[in-house]
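Here the structure comes first, spelled out in structure tokens, and everything after it is commentary.
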Amino acid sequence: MVWHGWGGARFDGSTWTVYDRSNSGLPSNSVQAIGIESDGTKWFGTDDGGVARYDGSTWTVYNTSNSGLPSNWVNSIAIESDGTKWFGTYDGVACFDGSTWTVYDESSSGLPANYVHAVAIEGDGTKWFGTDGGGVARFDDRSWTMCNSTNSDLLFDYITSIVIGSDGTKWFGSERLVRFDGTTWTVYDPYDSGIHIYTRIRSMVIESNGTKWLCIDQGVVVHYGGYVYPVADNAEWLDDSHWRATYDVTSLVPRDTYTISVSGAQGTDGMEIPPDTRFGFSVDYAGQITDQTPPNPPVVIAGGVEGDASSVEAMWSANDPDSSITGYRYAIGSAAGATDIVHWTNTSRSSIARSELGLIDGRQYWLAVQARNEGGLWSASGYSAFVAGQPFHRVFLPVVVRSP
């Protein structure tokens, strides 16, 4: 039996059954997480609807109004062997043992950031939390331990997924895949490992044979020397049969001839079409590009516009110790890492003023910015949360002129 969310969809191997607000007790059609207890009871984490429990006949909703849940935006769910539930939310982690709610956040615990993307639990009950901006937090029910980009080999502090293997090895997903066996960190670099992922790893699962499945945004792939490069930027369907996306050739891609492979397409008869590898291209460029590391994430400041909830203003800066910054791209979303308001947009400027975005007054949004260097490499995202209709506070410093 398979369950997945936009709404809730159940697949028993032959039949699909969809649950949404119109035909069930789901409080929101946007389902971000699903957890299943040993007795088959399902828990659904939603956007702005809290958590819904479904025992096969009855729906029960828990939200900030009727429970100890700290936020109605629930990103992840993990369930311990004793049935205790752990929910990762916009405002910390909530633990529910069936009667009592306990909230862990920056002010009450060692959690390094309140926005929690991922929750995973080891066999001994140790919890791992992936946060937005704080790296990973480990909690053994007594003490907290932090792992981030300054004290470990994690490259990014925005951890969007965590999965734990049967041998206890932890796998962390962000804009790179990272493995931690309790002693050694292994980063799967896009060029050296063959895992060419430049977008965030949204979720992961591990099969019983150890095979890992990673959920990212990708469609067409480019094959080279055994490596797979997802072509995922600016992806869009132009019509029912034409799909378009782009891939930036960077200094990590060596000069050579490449093959484009299109797979997973279905014909009008419902049968999958064999992969198409008829087309290719060559990469060449003048001179030698020595910068093969991305820039530092930009520092971003964003704010709403007073009296105009649909507008946003932002400014940012970035640097690269090895080469110059050649451009930026930004996106706006209803959650950190989301691009549902404004998709990635390239710019040469270090500030924007956008209007008529359809934002809701008083609601929080996120603006993400990435910087590109001379090697064509994009940085990890720098983020700034802002509230529609509420401007950021500008600080004006006095200018002191010294007389000769």
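Points worth noting:
- Rounded to the nearest 20, the size of the Cβ-charge dipole of the range 299-387 about its Cα centre is 140 debye, with Lys and Arg at +1 and Asp and Glu at -1.
- Here the Karplus relation 6.51 cos²θ - 1.76 cosθ + 1.60, evaluated at θ = phi - 60°, turns the backbone of the range 307-320 into coupling constants of x, 9, 5, 8, 10, 9, 10, 7, 9, 7, 8, 8, 9, 9 Hz, with x for every Gly and Pro.
- Summed residue charge, Cβ within 11 Å of residue 282's Cβ, Lys/Arg positive, Asp/Glu negative: -1
- Rounded to the nearest 20 debye, dipole of the range 111-156 from Cβ charges on Lys, Arg, Asp, Glu: 100 debye
- Gyration tensor (alpha-carbon) shape descriptor, the range 112-181, a/c threshold 1.5: oblate
- Förster radius 22 Å - calculated FRET efficiency between residue 122 and residue 152, Cβ distance, rounded to 0.05: 0.80
- Seen from residue 328, the other residues with C-beta closer than 9 Å to its C-beta sum to a net charge of +3, counting Lys and Arg as +1 and Asp and Glu as -1.
- Net charge dipole, the range 2-215: roughly 380 debye, given to the nearest 20, about the Cα centre with Cβ charges of +1 for Lys and Arg and -1 for Asp and Glu.
- Computing FRET efficiency as 1/(1 + (r/R0)^6) for residue 179 and residue 81, where r is the C-beta to C-beta distance and R0 is 25 Å, gives about 0.55.
- Exposure proxy for 53, 10: other Cβ atoms within 10 Å of each Cβ, ordered fewest to most, give 10, 53.
- Whether the range 15-81 is rounded, prolate or oblate, judged on the alpha carbon gyration tensor where a/c under 1.5 counts as rounded: oblate
- Rounded to the nearest Hz, the phi-derived 3J(HN,Hα) couplings of the range 36-49 under the Karplus curve 6.51 cos²θ - 1.76 cosθ + 1.60 (θ = phi - 60°) are 10, 6, 5, 8, x, 5, 9, 10, 10, x, 10, 8, 6, x, where x marks glycine and proline.
- Between the range 15-38 and the range 351-388, the Cα center-to-center distance that results, in Å: 31 Å
- Phi angles of the range 20-29 translate, via the Karplus equation with coefficients 6.51, -1.76, 1.60 and θ = phi - 60°, into HN-Hα couplings of 9, 5, 7, 10, 8, x, 4, x, 8, 7 Hz per residue; Gly and Pro are given as x.
- Cα shape, the range 59-214, gyration tensor, a/c 1.5 rule: prolate
Every number in this text was worked out from the coordinates using simple rules, so none of it is lab data. These figures come from a predicted structure and were not determined experimentally. Note that each Cβ is placed from the backbone with ideal geometry, even for glycine, and that neighbours are counted across all protein chains shown.
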